[in-house]
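*Asks:* Dumping the structure here so I can ask a few things about it.
The values are calculated or read from the model by the stated rules, or taken from the named source; none is laboratory data. None of these values were measured; they are calculated from a predicted model. All Cβ positions, even for glycine, are placed from backbone atoms using ideal geometry, and neighbour counts span all protein chains on display. Quick note on the areas: whole protein, heavy atoms, side chains included, nothing else; ligands and nucleic acids left out. Shrake-Rupley method; radii C 1.70, N 1.55, O 1.52, S 1.80 Å.
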Amino acid sequence: AGMMEQEASFIWSDSWWIENDVAWFVGGRTNALYRLDRKTKQCEFVAMPPELASDGFRLNPRCIKCGDDIFMMPDISSSIWVYHLAESRYEQIRIANPDKARTAINNFWQCGEKIFAVSTGLKQVIEIDIRERRITDCWNLCDKKDIKTAMSVKVGTAIYTVSAVSGEIYKFDIQSKESISYELSGIEDGLHTICFDGEKFWLSGYRKEIYVWDEGKNRTVCIEGFPKDFGRYNFDGTGESLLDCESSLYEKPLFTSSVASKQDVWFIPFQTNKIVYVNRETYELFVFDIEEENETVSSLSLHYLAGKYLMEYLMDDCCIGLYSLKNYCIIEIDTIEKKVEKKEYSFSNNCLERTAQVFDRFKNSVLFEGREIENRIFAEKLFSMDADLQISESESAGWKIFNAMTFTC
């Protein structure tokens, strides 16, 4: 059985919150909260916030569970939605957003009674009181007005955020509330991912380079040595070839995220073709090849999202969960054994029906616009494969918008 078995198709989200054998996540297109039992491998529909929107696309695609509450963090929405499991109800926390920026909260952490969240769009660190369920403070990431940022990581009491346009790192201390910035030498084109291995920071951006930064010495080592067949897939269909392996600098970030595991640091492709990992001691770069993930011109044209993977979770510092945008499923990488496994998850009937109803509710839902299908068939379609559905003009328009939006925050 190949990776393309339709029963194994699953819905995408931008991150999972895992607690023991249960995973909580928000549907990337439905904005509904789901609960997956990792033992029975069955997914249940929990609830959906009463946000009035024409489309559920990436409204609140990430979540964090604090006690009995699940905080759904906004990307396109300007509200944090809190779902109280005990009372089965939602509460809304509005974020002040006068310029209607895309809030884009990609990174957040619980610290005691507070959640600290970085909004890429607002260029702020937001403090949320978990018990009172309200925003208690916010601070600018740095004194400069005109910054563009990407991913963040928290180390101790400090949050480090990378600049998307230069080699700058903004450090904000959540205790002292002080911010400083570092200018890293040898990086001119901006950064996108950042992670910390316990000693050093690992960074990647728009070049075929990986950077290792020692904050104490403020020294940066640049790792090159990417294989010749590493390149970016031609998702927009404009170029001659399927892959551009020639460029050393790309318009989009090479990787969507990076994580430090016990032995290596892993880099997960955005539109590039190969997962890469680097040994933490030797700085040697390796490719992690998954044959079923290689694209063809026709497989690229069937992607609902113009990317290779969504990073869902890192478990026990050694298990990476990804959503494959080619094969519509969750794959798990064992970073120690260097093996990959496809996860076979299923949906309860109730989950299918309720998800289909969500699509009915969003009149502008990109994929199912104007399709009069009964709930049941509708739902089967939804979870079989997006690829089964012919791409109409409205969908490819939505797809182009997505492609343009992905890294505009």
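*Asks:* Rounded to the nearest 10 Å², what accessible area does GLU337 show when all protein chains are kept and the probe is 1.4 Å?
*Replies:* Spelled out: GLU337, probe radius 1.4 Å, area about 110 Å².
*Asks:* Go ahead and run the numbers for FRET between GLU87 and GLU183, Cβ-Cβ distance against an R0 of 41 Å, rounding to 0.05.
*Replies:* So the FRET efficiency works out to roughly 0.25.
*Asks:* So for the chain, taking the charge dipole from beta-carbon charges (+1 Lys/Arg, -1 Asp/Glu), which of SER301, SER181, TYR345 sits furthest toward the positive end?
*Replies:* Ranked along the dipole, the leading option is SER181.
*Asks:* Another question, if that's okay. Evaluate E = 1/(1 + (r/R0)^6) for LEU242 and VAL221, where r is the Cβ-Cβ distance and R0 equals 30 Å; express this FRET efficiency to the nearest 0.05. List each step's numbers first, then the result.
*Replies:* Working: r = 33 Å, r/R0 = 1.09.
E(calc), rounded to 0.05, equals 0.40.
*Asks:* About its Cα centre, how strong a charge dipole does region 100-144 have in debye, to the nearest 20, once Lys and Arg get +1 and Asp and Glu get -1 at the Cβ?
*Replies:* 260
*Asks:* Using the structure shown, list the pairs from LYS100/LYS148; LYS39/LYS338; LYS114/LYS154; LYS154/LYS200 with a Cα-Cα distance above 18 Å, or answer none. Walk me through the intermediate numbers first.
*Replies:* Values: LYS100/LYS148 16 Å; LYS39/LYS338 23 Å; LYS114/LYS154 14 Å; LYS154/LYS200 13 Å.
Violating the 18 Å Cα-Cα cut-off are LYS39/LYS338.
*Asks:* Lysines within cross-link reach of LYS144: Cα-Cα under 18 Å, excluding same-chain residues under 8 positions apart?
*Replies:* Those lysines meeting the cut-off are LYS123, LYS171, LYS177.
*Asks:* Measuring from label point to label point, each 7 Å out along Cα→Cβ, what is the LYS262 to ASN140 span in nm?
*Replies:* Roughly 4.5 nm, to one decimal.
*Asks:* Just to confirm a number: summing +1 for Lys and Arg and -1 for Asp and Glu over residues other than ILE18 whose beta-carbon lies under 15 angstrom from that of ILE18, what do you get?
*Replies:* Net charge in that neighbourhood comes out at -1.
*Asks:* Give, rounded to the nearest 20 debye, the magnitude of the charge dipole that region 158-280 has about its Cα centre when Lys and Arg contribute +1 at Cβ and Asp and Glu contribute -1 at Cβ. Before the final figure, lay out the partial values.
*Replies:* Values: 13 positive and 19 negative charges, 74 e Å.
Rounded to the nearest 20 debye, it is 360 debye.
*Asks:* Oh, and also: Between TRP109 and VAL155, how many nm apart are label points set 7 Å from Cα along the C-beta direction?
*Replies:* Result: 1.0 nm between the two label points.
*Asks:* Can you find, among VAL22, ALA356, TYR170, the residue farthest towards the positive end of the dipole of the chain? Put +1 on the C-beta of Lys and Arg, -1 on that of Asp and Glu.
*Replies:* TYR170
*Asks:* Continuing with the same structure: With point charges of +1 on the Cβ of Lys and Arg and -1 on the Cβ of Asp and Glu, referenced to the Cα centre of region 19-156, which listed residue (LEU59, ILE93, TRP81) lies farthest in the positive direction of the dipole?
*Replies:* The Cα lying farthest towards the positive end belongs to LEU59.
*Asks:* With a ≥ b ≥ c the root eigenvalues of the C-alpha gyration tensor of region 257-361, is it rounded (a/c under 1.5), prolate (a/b larger than b/c) or oblate?
*Replies:* Numbers: a/c = 2.59, a/b = 1.66, b/c = 1.56.
Prolate is the answer for region 257-361, as a/c is 1.5 or above and a/b outweighs b/c.
*Asks:* For the residue pair GLU251 and ARG361, what label-to-label distance in nm results when each label sits 7 Å from Cα along the Cα-to-beta-carbon direction?
*Replies:* Distance between label points: 3.6 nm.
*Asks:* Scan region 43-135 for GluC sites (Glu not before Pro) in coil per DSSP, keeping those whose Cβ has at most 15 other Cβ atoms within 10 Å, and list them by number.
*Replies:* GLU87, GLU113, GLU132
*Asks:* What dipole magnitude, in Debye to the nearest 20, does the chain give about its Cα centre under +1 on Lys/Arg Cβ and -1 on Asp/Glu Cβ?
*Replies:* Numbers: 47 positive and 66 negative charges, 177 e Å.
It comes to approximately 860 debye.
*Asks:* Taking 45 Å as R0, compute the FRET efficiency from the Cβ-Cβ separation of GLU337 and ASP99 and round it to 0.05. Walk me through the intermediate numbers first.
*Replies:* Values: r = 48 Å, r/R0 = 1.06.
FRET efficiency, GLU337 to ASP99: 0.40.
*Asks:* Oh, and also: If you find the alpha carbon centre of region 101-118 and of region 214-280, how far apart are they in angstrom?
*Replies:* Taking the Cα centre of region 214-280 as reference, the centre of region 101-118 is 26 Å away.
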